[in-house]
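Colleague: Please see the structure below; I have some questions.
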Amino acid sequence: MLGLKLPTDPRWANIAEKNIEEILTDHAWCEQKAASSAISMTVHYPEKSELVEAMLELAKEELEHYQMVHKRILDRGLVLGKPRRDEYVRQLLEFFPKDGAREDKLVHELLISAMIEARSCERFRVLSENIEDKDLAAFYHELMISEANHYTLFLKFARQYGGREKADAKWNALLDFEAEIMGNLGNEEKIHG
């Protein structure tokens, strides 16, 4: 369904479970960044009312996820660590040109967001199926479903604003690029790394 070209090795879940404090902190900041990104779209594209409404709802949901992850951090007697640089996202952002028409920039932003959500969904599936902590496994299963919905939402808007054929061509090229990134980063104790 997600179309990712390089699936996560299930053994990554072992790395994640052994470094759960790092994973939870990284995950919390991913949710916060997702909320901020959704709000940013409403600021940059206020004339796109359907997008604004969807992004406002998404921002609320991402903040709820941030709070849920933070609660799990506190429940384990831990504290939220400092934000981490997300090398995965940094490299994804290099794929599309920085200049160009405003509408193209929107489509590119939507496709990058769809990719991040797709990879998050896939990683949450791996966690839900492979970690021993049953509470966290159930938690990540629930979030996996949510991330799948976010992925399809962003892809829908990219096709709506960029035209299905053009958006799909860009999406397929981005899938190839993302596989290269994951080939180099895929085994760290990070949600995307």
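The values are calculated or read from the model by the stated rules, or taken from the named source; none is laboratory data. Predicted, not measured: the structure shown is a model, and the values here were computed from it. With ideal geometry, Cβ positions are generated from the backbone for all residues, glycine too; neighbour counts draw on all protein chains shown.
Colleague: Let me spell it out: the conditions are (1) more than 16 Å from Tyr45 (Cα to Cα); (2) loosely packed, with under 14 Cβ neighbours inside 10 Å; (3) of a type in the set (D, E, K, R), and Glu87 meets all of them except one. Which number is the exception?
Modeller: The single condition Glu87 does not satisfy is (2).
Colleague: Let me ask something else about it. Count, please, the residues in region 1-45 that happen to be surrounded by fewer than 16 Cβ atoms within 10 Å (Cβ to Cβ) and of a type in the set (Gly, Ala, Ser).
Modeller: Number satisfying all stated conditions: 3.
Colleague: Can you work out which of the residues in region 135-185 that are without any contact (Cβ under 8 Å) to a residue 40 or more places away in the chain and within 14 Å of the chain's Cα centre (by Cα) is nearest to Gly3 (Cα to Cα)?
Modeller: Thr152
Colleague: Moving on to the next point. Does Ala173 qualify as being in contact with a helix residue (DSSP H, G or I) (Cβ under 9 Å, 6 or more places away or on another chain) and in a helix (DSSP H, G or I)?
Modeller: Taking the combined requirement at face value, the residue does not satisfy it.
Colleague: Among the candidates Ser120, Ser146, Ser113, Ser128, single out the residue that is more than 27 Å from Leu51 (Cα to Cα) and part of a helix (DSSP H, G or I).
Modeller: From the options Ser120, Ser146, Ser113, Ser128, the qualifying one is Ser128.
Colleague: Being farther than 19 Å from Gln160 by Cβ, buried (at least 17 other Cβ atoms within 10 Å of the Cβ) and out of contact with any Cys (no Cβ under 7 Å at 6 or more places or on another chain) is true for just one of Leu58, Leu106, Leu92. Which residue is that?
Modeller: Leu92
Colleague: Kindly establish whether Leu63 is closer than 18 Å to Leu111 by Cα and assigned to a helix (DSSP H, G or I).
Modeller: No, not satisfied.
Colleague: Would you pick out the residues in region 69-92 that are within 16 Å of the chain's Cα centre (by Cα) and touching a residue at least 24 places away in the same chain (Cβ under 8 Å)?
Modeller: Once the filter is applied, which keeps residues that are within 16 Å of the chain's Cα centre (by Cα) and touching a residue at least 24 places away in the same chain (Cβ under 8 Å), region 69-92 yields Val69, Pro83, Arg84, Asp86, Glu87, Tyr88, Val89, Gln91, Leu92.
Colleague: Filter region 7-52 for residues that are closer than 17 Å to Asp86 by Cβ and outside any helix (DSSP H, G or I) and give the result.
Modeller: Result: Thr8, Asn19.
Colleague: Among the residues that make up region 7-30, is at least one of them of a type in the set (Gly, Ala, Ser) and modelled with pLDDT of 95 or more?
Modeller: Scanning region 7-30, I find at least one residue that is of a type in the set (Gly, Ala, Ser) and modelled with pLDDT of 95 or more, so the answer is yes.
Colleague: Separate question: Determine, yes or no, whether Leu110 is over 19 Å from Asn19 (Cα atoms), at pLDDT 95 or above and not small (Gly, Ala, Ser).
Modeller: yes
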